[in-house]
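Encoded as structure tokens, the structure appears first; notes follow it.
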Amino acid sequence: MARTLRSGTYAAVPSSEDEASNAASEPLLARENRLRGGTLTLHQDGHGYSYAYGPKGSAGLIRNYYALGCAVFVSIGGLLFGYDQGVIANVLVMRDFTERWPVGPLEKGVMTAALELGSLFGALASGVLADRYSRRVSILLACVVFCIGSAFQFAAQSLFHLTLGRAIGGLGVGALSMLAPLYMAEISPPEVRGSLMALEQFAIVLGAVLGFWTGFFTREIPGSASWRIPLGIQLGPGVLLAVGCLFLPPSPRLLIMQGRPDDARRALATLRLRSPEESITDPLLQLELLEMQAEIALLAQTTGVPAKAGSLRTEARAWARLFGRKYRKRTAIGVLMMFFQQWSGINALLYYGPTLMHSLGLQGDAVTLTVSGGIGIVQFLAVLPAIVFIDRLGRKPLLRGGSAVMALSHFCIAVMVRQFEGDWLSHSWAAWFSVGCVYVFTAAYGVSYGPIGWVLPSEVFPLSVRSKGVSLSTASNWFNNFLIGLITPELMELSPSGTFLVFATACFLGYLWSTYSVPETANVSLEEMDAVFGSSAGREDLLLKQQIEEDLGLHDLVQQWASTYHRA
């Protein structure tokens, strides 16, 4: 999609603009190029263009099978993230584990939170490593660190070994949680980028489900094998990703940043299924490479330092811009989005599901584990309608509705626990009503705070600070995740009903926040977004980027193909 910015020039804009502009477009690629599945479209106003290597949706994924395969493989990082979160819930209640190492609420909290604390540092450090070295090398290092942590957990002879293993593994998990989506975004064709990025969330939820049910089916194995096997299984995909990432194509965007345009062109040709000969003449490849160069130049001009500079002082200056007058409202949206996502209580249910089910009066390990395992399945299923309705209904209505339903669910559970925790056997209906509320909460989370938590931060930040803004939002996710994992066992020990009341309060505050502070970002133009935040940052970025594109010759390239098409 495109929009007129200045007379006599061409500019590409985000695809969230009004779809009606497509009606005033005409394809520019010659017949033989269109047979390759790509289109370059010039709007009839003469100033806007858009391009695609193929169709959208499933047909586009099939056509871009090589990029799809790379994204699916890298999503193993998300699978490891989810698996490590899901497996601990069963391990903490296994018979051999509890008999070998009796653990209290504090020990449970520290052992669980160690993963999140390690992930926080891993996510922050991975961005610097990814730019200084490469995405692939950074993924390899993250996998090595993760496997070391998994080995510590698998061979643990004490709680210290297990906690240390989770902290080390967390460094790898946190790095992968940032590196995998980053690599996916940089190799994806524009027309299917959203679909490929959705693989990360899908892999995380799938990993959590697999982790929980693996532990469920090994819990009756005699001895320490009951918990060592599920902890050791994650070594397999970790090693697979470490070895396989060596064969992945490099990120063209990083190669441009490193001043290697020829290598970037060859890598992009491989990802777009073009031959070496075609890579020199293909207009879409030339256009995409010029857009990458323009983006890197924009970052250099807005930060005042070369794109390749990677000193700590440079990084500090780039991060400090998020808290300036121009961006701090947007920064607050990203940070608070992840705050309310975590304090909704979803990860408390994932980490301590069996423990929480016991507090709701369910008896028997099989029953409590089966019911708590259903939490992951409900969340997995709830993501699917979210993909369909997130753009149709908008972010704000889903956040408000999700907050209200989650707050009501937690409040009902708190009342049931307060009234009947001393005599659940005589009030089994109350226990199962509470379980129903847990599932309703999980479904509401799955269609609101779960997916929107990853979407909203990427939409409110303009291009020049988007990577740092999303990184800070991710750090907020891990920090609050760490706090939840640390204090939930103590809260449950102190007051089960109070624990659910805390989550209900957080969800209610989330409702107020989403009602009065969160702007609607679905299908919102750049100018409208700037007006919401009382800033012209996005418009300024776009005008500067357009000038850079003109200087690099991108507009001349589009004009050349326009004149060639009209002569034909």
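The values are calculated or read from the model by the stated rules, or taken from the named source; none is laboratory data. This one's a predicted model, so the numbers in the text were calculated from it and none came from an experiment. Note: ideal-geometry Cβ built from the backbone for every residue, glycine included; neighbour counts use all protein chains shown. Heavy atoms of the whole protein, side chains included, go into the accessibility calculation; ligands, DNA and RNA do not. Shrake-Rupley method; radii C 1.70, N 1.55, O 1.52, S 1.80 Å.
Before moving on, here are some points about what is shown:
- The gain in end-to-end length when the ALA125 to VAL137 segment is fully stretched comes to 3.0 nm, 0.36 nm per residue minus the alpha carbon separation.
- In the context of the full set of protein chains, residues of the stretch 38-248 present 36 Å² of accessible surface per residue (probe radius 1.4 Å, heavy atoms only).
- Projected-area mean, the stretch 246-286, by convex hull of Cα positions, square nanometres: 2.8
- A straight chain from THR98 to ARG260 at 0.36 nm per residue would run longer than the Cα-Cα distance by 52.8 nm.
- Inter-label distance, nm, simple model (7 Å from Cα along the C-beta direction), ILE148/PHE160: 1.8
- With 0.36 nm allotted per residue and the present C-alpha distance subtracted, the TYR65-VAL243 stretch has 62.0 nm of extension available.
- Take the Cβ atoms of LEU425 and LEU393, set R0 to 41 Å, and the FRET efficiency comes out at 0.45.
- Convex hull per residue volume in Å³, alpha carbons only, for the stretch 38-248: 130
- With each label modelled as a point 7 angstrom along the Cα→C-beta vector, the TYR516-ALA332 pair spans 1.2 nm.
- Pairwise label distance in nanometres, GLU220 with THR505, each label 7 Å out on the Cα-Cβ vector: 4.3
- Ratio of the Cα radius of gyration of the stretch 115-185 to 2.2 N^0.38 Å, where N counts its residues: 1.10
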